[in-house]
2 protein chains.
Amino acid sequence: MSQHRHPGAPGRAGAVPALPDLPEATVARLPEYLRALHALADAGDETVSSEALANAAGVNSAKLRKDLSHLGSYGTRGVGYDVALLIDQIESVLGLTQCRSVALVGVGNLGHALAGYDGFASRGFRIAALFDADRARIGEQINGLVVRHIDELPRVAAEESISIGVIATPAPAAQAVADQLVAVGVTSILNFAPCVLSVPEGVDVRKVDLAIELQILSFHEHRKASLTALPATGGSALTALPGGLAATDTQEAIGT
Amino acid sequence: MSQHRHPGAPGRAGAVPALPDLPEATVARLPEYLRALHALADAGDETVSSEALANAAGVNSAKLRKDLSHLGSYGTRGVGYDVALLIDQIESVLGLTQCRSVALVGVGNLGHALAGYDGFASRGFRIAALFDADRARIGEQINGLVVRHIDELPRVAAEESISIGVIATPAPAAQAVADQLVAVGVTSILNFAPCVLSVPEGVDVRKVDLAIELQILSFHEHRKASLTALPATGGSALTALPGGLAATDTQEAIGT
DNA sequence: GGTTGTGAATCATTTCACAGCC
DNA sequence: GGCTGTGAAATGATTCACAACC
């Protein structure tokens with residue numbers, strides 16, 4: 001990430017509670033643990049071992065224990081972790097104890113879907129405002145929210161205490177939107193437009209590019225095809241068409 | 001084929017794959033380079049320096065050069081990289097020389113948007129079939145494609161040479177869909193459902209969870225808020241850097 | 001018995017810095 | 001002069017393995 005790193009000791013000792021300096025990789029996994037923990041809580045479990053939780057979150061148990069140890073961790077040896085306690089702990093670290101308000105800019109194809117996605121609300125986020133630059137869309141209602149013109153961003157951002165901006169515009173518009181978000185004080189942006197945004201120091205940008213995900217998969221697909229094509233030198237070129245069943249054997253699904 | 005080998009590695013055991021064995025982090029960045037290169041090509045540029053390309057892709061130049069060196073390197077010292085040549089090279093490595101067919105399962109809110117997203121087609125992917133389990137949706141047309149029942153997957157997958165499966169169903173349905181995709185020979189899955197999938201060895205799964213992205217941003221937002229409440233930690237340069245293109249590292253680098 | 005927490009070891013990735021080439 | 005390619009150093013992340021604890 002960028003170099004905002006604040007050196008360990010803040011002058012005098014002991015003043016700060018558990019303001020954690022977590023490894024970025026750990027931060028990226030905490031939400032997944034949280035999701036798994038909620039599922040366990042819904043199922044009525046009160047404690048869980050690192051092995052079981054790691055399984056539910058798709059990581060190995062050593063990594064999970066190391067991650068949790070960074071937050072000071074409330075586990076009991078021989079028993080495991082208290083599910084409810086751990087949920088509180090992780091939500092507190094992630095700053096999810098307060099519901100955060102999100103402004104979504106760009107209600108085209110993707111933005112429309114995001115505006116209607118209920119996975120946000122159920123996990124601590126409230127889509128508080130929708131914006132677009134296209135006058136034809138202004139006034140349209142999506143999921144109980146009216147689409148406003150982007151020019152209203154300053155007023156609405158102040159009213160709604162916008163905490164996070166989501167950009168779902170076409171690429172050419174994204175930088176201008178980012179600038180506008182930054183101008184009204186937004187310091188966290190989730191960018192779905194396929195382009196790089198430049199923002200001042202102190203503003204965090206995360207990017208989700210759907211085509212890039214497919215291209216990464218394409219690489220692995222390509223690699224797998226090449227591997228089966230030449231197990232030995234001069235191997236016969238079996239047609240790589242996945243028409244029927246693949247040649248691989250193992251079909252067992254692991255776990256639930 | 002690359003003959004790149006690190007001769008210094010002592011005591012290496014096991015087989016070395018005969019294929020270009022790129023670091024995973026490099027693979028994840030190649031699509032971003034590709035996008036930047038296409039933009040340069042559209043602008044008429046014929047060559048580009050590592051510095052300029054790195055800037056356009058949101059990374060630093062040393063990383064970019066190291067990444068490109070892994071693919072055998074097509075640059076000219078003192079000049080830079082040939083844009084067209086590099087595009088070909090990267091597309092070839094990523095397996096994008098053939099257009100790959102994608103099956104999309106789940107045409108709810110998000111799936112609907114994905115089906116209509118033109119960013120796929122423009123970057124080497126063809127959405128070849130849409131599926132859903134809800135009988136009420138069968139027959140609906142989206143972007144010229146008709147929604148089929150998931151039971152038709154085996155027949156259609158064979159007809160269309162499906163290469164990649166995209167899951168955009170609710171979480172409870174996702175595992176069953178993954179099993180069905182695997183059963184018809186799909187070995188690459190992009191999962192938008194908020195859950196962990198278990199698949200046999202050899203199948204690649206990438207996961208995109210929109211709420212998780214927001215939660216990671218929430219953490220940084222939370223941390224920044226806590227920091228401003230603290231006394232200064234030395235000369236933390238909060239000021240905007242000269243020029244608008246300053247924060248090259250701020251995006252992208254946060255996790256994968 | 002079982003399980004956590006954690007130093008130490010291994011592995012991966014990024015950055016530095018400069019030789020070599022244009 | 002400018003630029004790439006790349007060993008070597010530095011940083012970061014993962015895994016191992018086991019002592020401490022219930």
Restricted to segment B:128-159 and to residues being touching a strand residue (DSSP E or B) at 6+ places or on another chain (Cβ under 9 Å) and facing another protein chain (nearest Cβ under 10 Å), the residue surrounded by the most Cβ atoms within 10 Å (Cβ to Cβ) is B:ALA157
Selection count where residues are under 23 Å from B:ILE127 (Cβ atoms), more than 7 Å from every other protein chain (Cβ to nearest Cβ) and modelled with pLDDT under 60, scope segment A:190-243: 1
Across segment B:97-109, what is the total count of residues that are in contact (Cβ under 8 Å) with a residue 24 or more places away in the chain and surrounded by fewer than 22 Cβ atoms within 10 Å (Cβ to Cβ)? 3
Out of B:VAL182, B:VAL146, B:VAL166, I need the residue that is modelled with pLDDT of 95 or more, under 24 Å from the mean Cα position of the chain (by Cα) and more than 24 Å from A:TYR117 (Cβ to Cβ). Which one? B:VAL182
Options A:ASP82, A:ASP67; residue that is more than 6 Å from DNA strand C (Cβ to nearest atom), touching a Ser or Thr at 6+ places or on another chain (Cβ under 9 Å) and more than 23 Å from B:SER198 (Cα to Cα): A:ASP82
Can A:SER92 be described as farther than 22 Å from A:LEU210 by Cα, within 20 Å of the chain's Cα centre (by Cα) and modelled with pLDDT under 95? no
Per the list (1) away from every other protein chain (no Cβ under 14 Å); (2) more than 6 Å from DNA strand D (Cβ to nearest atom); (3) surrounded by fewer than 18 Cβ atoms within 10 Å (Cβ to Cβ), residue check on B:ASP42 breaks on (1)
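Conditions (1) in a loop (DSSP other than H, G, I, E, B); (2) in contact with a helix residue (DSSP H, G or I) (Cβ under 8 Å, 6 or more places away or on another chain); (3) buried (at least 22 other Cβ atoms within 10 Å of the Cβ), marked per residue:
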residue: B:GLY165; (1), (2), (3): no, yes, yes
residue: B:ALA173; (1), (2), (3): no, no, no
residue: B:GLN180; (1), (2), (3): no, yes, no
residue: B:GLU201; (1), (2), (3): yes, no, no
residue: B:ARG206; (1), (2), (3): no, yes, no
residue: B:SER218; (1), (2), (3): no, yes, yes
residue: B:SER226; (1), (2), (3): no, no, no
Among residues of segment B:26-57 being within 11 Å of DNA strand C (Cβ to nearest atom) and small (Gly, Ala, Ser), the residue nearest to B:TYR74 (Cα to Cα) is B:SER50
Test for B:VAL102: is it within 16 Å of DNA strand C (Cβ to nearest atom), touching a Leu at 6+ places or on another chain (Cβ under 8 Å) and of a type in the set (A, V, I, L, M): no
Would you tally the residues in segment A:49-68 being under 27 Å from A:PHE125 (Cα atoms) and either within 14 Å of DNA strand D (Cβ to nearest atom) or away from every other protein chain (no Cβ under 14 Å) (or both)? 8
Residues that are under 25 Å from B:VAL196 (Cβ atoms) and out of contact with any Ser or Thr (no Cβ under 9 Å at 6 or more places or on another chain), drawn from segment B:158-175: B:VAL166, B:ILE167, B:ALA168, B:THR169, B:PRO170, B:ALA171, B:PRO172, B:ALA173, B:ALA174
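The values are calculated or read from the model by the stated rules, or taken from the named source; none is laboratory data. Given the structure is predicted, the values throughout are model-derived calculations rather than measurements. Every residue, glycine as well, gets a Cβ built from its backbone with ideal geometry; the counts of neighbours run over all protein chains shown.
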